[in-house]
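A short worksheet on the structure shown next.
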Amino acid sequence: MNKFLSSVHKIEGYKWLLIIVFFMLLIYRLGNLAFWGDEIGTIIVASKPLSQILKHLLVIDIHSPMYYIFIHFWMIPFGQSEFALRFPSIVFSMLTLILMFFYFKKSKLGISSLLLFMSSPFIVMYSRMGRYYSLMMFFGVLSIISLLEIIKRPERRWKLLYCVSNILLLYTAYPGVILFVAENVYFLIKKKEKRVVSLSTWIFMQSIVVFLFLPWIYVLLFLHIGGNLTYLPLDFFLKLLYPLYSYSIGETIFLWEFFIALPTIVIFYFLFFKGMLRYPKYSFSFFILPLIIGTTALSTVFAQILFPFSSSRLIFLAPIAYTIVAAGVKETKFGNTLLFLLICCNLYGLFNYYTVRHFHNQAYIVPWREIVETVEEEASDNSIVMTAEFPFRFYGSTKLDTYLGVDKLDSLMGITKLDEVWFIIRYRGTYDIVEEYENSMQQILSEGYKIDGEFGFMKQEEIIKRLKEKIIGVRCSEDYIKAVKFVKTSK
């Protein structure tokens, strides 16, 4: 502890200022955006009793349990507000930043990787979500640093920290397995070069990690994989490229903004490949290999995960990419100038993020409070709401009789006389749900109802609509969210 405190006092003031600025970026208007679906999923699972949390994660919503257990206890004193749920993610992202700084503080990589990390729109966005992403990133970086220290000086404390960080990583998120495999590859490569920790000691350390994860491994083997292996070449291709795009430019700048996007991607990966040439084994083991393994897993075992979510599931690769780029800055004659240009682009991406513009995944920014308020003002007492969007139900009051799914519509209309029926539709990535609701709307038009109002939210740009139709193959509406009101015309 004394050594840690003495090293803290030696940090230059401007670096502490950068850390404070990053914290202010993360906390600014943290509760402004409404929860999106997965965040509400976090609340639903974490609100259950502990035994029910484990049962739910084993059978229904397959995830590692540690983050949900942590949030379960966090919500007891701090509640379920947007700010309260998202704040722990900020803390873990801050710890990742500080961890990177302390490890690289003696090299010129430190300040460059620090600046790239803290200005990254990708890091800022996912660090402000009430999900496990930041916690997974923290344990991933801690695990890599522990391994690098073991190779330099195989002391007991680093071996212990390596085992603990990997166990916690695996219990935080299944993609941690990808990093665990990559670290073993890196160890075997380095062992051929010089004397490191003995192979028997290394195997013993891996055995400890695997043994302590055994209670949860059968979920991965039998519930995730069991009979659900698919492989789609286009899906693989998109899941491979999208993280490379996200880490370099974020998810609030579109490729057709080519005056910003294309030069930034070129500069980022020019520096990245320069860094790769400087540290080829590190780059291959900790970035290229886990990216390929992760993409394969997300396209087969976890095939239900859409490509826009692939970057967040592999978030622990982003800090690694920034350290490789930082190495490229060091190796390039005009590296500092190129670094400055990258940071300027990051600032533009952050501007888009904070002004809620150009989000690739619009599900993150749906104004559910506004939508609920509009429907509550317009709906009569004798009405029901049909929707597949549980954030609407989460924010709705008891005034609204909301049903998740249209399967109960026929029985409801058969047993009661309804003056109004509302449909809340989100034009999402998969069209089957939208089609089911549109068919139901056609059905009630033939049963004595008429459209009495239509409210659109989040108007979509024409170019985004065309891309969705071509890449995902869905028909898009003018608005991302529609609330359609039907009223009874005959008694």
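Structure above, values below:
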item	result
Residue check, Phe392 under 16 Å from Leu33 (Cα atoms), assigned by TED's automatic domain parsing to the domain that holds Ile249, free of Cβ contacts under 8 Å to residues at least 60 places away in the same chain and not aliphatic (A, V, I, L, M)	no
Members of the range 46-55 found to be at pLDDT 90 or above and in a helix (DSSP H, G or I), listed by number	Ala46
Residues being at pLDDT 85 or above and acidic (Asp, Glu) - total across the range 223-256	1
Scope the range 361-387; condition in contact with a helix residue (DSSP H, G or I) (Cβ under 8 Å, 6 or more places away or on another chain) and surrounded by fewer than 17 Cβ atoms within 10 Å (Cβ to Cβ); matching residues	Asn361, Arg369
Search result, residues across the range 20-52 that are among the β-branched types (Val, Ile, Thr) and closer than 18 Å to Met75 by Cβ	Ile40, Thr42, Ile43, Ile44, Val45
Residue ID - surrounded by the most Cβ atoms within 10 Å (Cβ to Cβ), chosen from residues in the range 408-434 that are among the acidic types (Asp, Glu) and modelled with pLDDT under 80	Asp410
Meets criteria (surrounded by fewer than 21 Cβ atoms within 10 Å (Cβ to Cβ) and either of a type outside the set (Ser, Thr, Tyr) or under 14 Å from the mean Cα position of the chain (by Cα) (or both)) for Leu135	no
Selected residue [in the same structural domain as Ser112 (by TED's automatic domain parsing) and in a loop (DSSP other than H, G, I, E, B)] from Ile305, Ile293, Ile288	Ile305
Residue within the range 87-107 that is within 15 Å of the chain's Cα centre (by Cα), of a type in the set (A, V, I, L, M, F, W, C), buried (at least 22 other Cβ atoms within 10 Å of the Cβ) and farther than 29 Å from Ser207 by Cβ present	no
Sole residue being closer than 19 Å to Tyr480 by Cβ and not small (Gly, Ala, Ser), chosen from Phe316, Phe392	Phe392
Some residue of the range 166-173 being part of a helix (DSSP H, G or I), in contact with a Pro (Cβ under 7 Å, 6 or more places away or on another chain), under 30 Å from Ile203 (Cβ atoms) and aliphatic (A, V, I, L, M)	no
Matching residues in the range 31-61 - criterion: being β-branched (Val, Ile, Thr) and surrounded by fewer than 15 Cβ atoms within 10 Å (Cβ to Cβ)	Ile44, Val59, Ile60
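To keep it simple, each residue is scored yes or no on (1) modelled with pLDDT under 95; (2) within 23 Å of Leu168 (Cβ to Cβ); (3) of a type in the set (S, T, N, Q); (4) not assigned by TED's automatic domain parsing to the domain that holds Pro175.
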residue: Ile40; (1), (2), (3), (4): yes, no, no, no
residue: Ile44; (1), (2), (3), (4): yes, no, no, no
residue: Leu57; (1), (2), (3), (4): yes, yes, no, no
residue: Phe70; (1), (2), (3), (4): no, yes, no, no
residue: Phe87; (1), (2), (3), (4): no, yes, no, no
residue: Ile98; (1), (2), (3), (4): yes, yes, no, no
residue: Ser107; (1), (2), (3), (4): yes, no, yes, no
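The values are calculated or read from the model by the stated rules, or taken from the named source; none is laboratory data. These numbers were taken from a predicted model, which means no experiment stands behind them. Here the Cβ is made from the backbone with ideal geometry for all residues, glycine too, and neighbour counts use every protein chain on show.
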